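> My structure is below; once you've seen it, I'll send some questions.
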Amino acid sequence: MKKEKTSEKVDNGIGSNDKKNLILYNDDYHSFDYVIDALQKVCKHPPEQAIQCTYLVHFKGKCEVKSGDFQFLSPMKEELCTMGLDAVIL
């Protein structure tokens, strides 16, 4: 019987594994308008997307507001945190 070659995927850290998400968490301190403005300013969201993300943060407790590699997301996270918002990169 002839053995079939099997290929295994090797995790080399390239591609989809580099994709991270910037997560914004809900708090009891900031207004909807403040969060909407922050998402427009920092993440360059159009108004509709900023509003949708703000509602998701409010009702679900968190929302993925941006995706990309760590270097792309890190300045946005720092700016959101400087503005007093609770954001992490996962």
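The values are calculated or read from the model by the stated rules, or taken from the named source; none is laboratory data. As the structure is a prediction and not an experimental result, all values here were calculated from the model. Cβ placement follows ideal geometry from the backbone for every residue including glycine, while neighbour counts extend to all protein chains displayed.
> Quick one: count up the residues across the range 48-90 that are more than 11 Å from the chain's Cα centre (by Cα), acidic (Asp, Glu) and closer than 12 Å to LYS20 by Cβ.
Going through the range 48-90, the residues more than 11 Å from the chain's Cα centre (by Cα) turn out to be 48-52, 54-61, 71, 75, 78-86.
In the following step, the residues that additionally are acidic (Asp, Glu) were identified as 48, 78-79, 86.
With closer than 12 Å to LYS20 by Cβ added as a condition, the list becomes none.
Of the residues in that region, 0 qualify.
> Are there strands (runs of 3 or more DSSP E) fully within the range 17-90 with at least 3 residues that are in contact (Cβ under 8 Å) with a residue 24 or more places away in the chain and among the charged types (D, E, K, R)? List them.
On the way: elements: 20-25, 62-68, 86-89.
Of the strands (runs of 3 or more DSSP E) lying wholly inside the range 17-90, those with at least 3 residues that are in contact (Cβ under 8 Å) with a residue 24 or more places away in the chain and among the charged types (D, E, K, R) span 62-68.
> So, in the range 4-45, of the ones that are over 23 Å from ASP86 (Cβ atoms) and at pLDDT 55 or above, which residue ends up surrounded by the fewest Cβ atoms within 10 Å (Cβ to Cβ)?
Our first condition is that a residue be over 23 Å from ASP86 (Cβ atoms); within the range 4-45, this holds for 4-18.
This time we only want the ones that are at pLDDT 55 or above, so: 17-18.
On the way: ASN17: 9, ASP18: 11.
Residue satisfying both the conditions and the ranking: ASN17.
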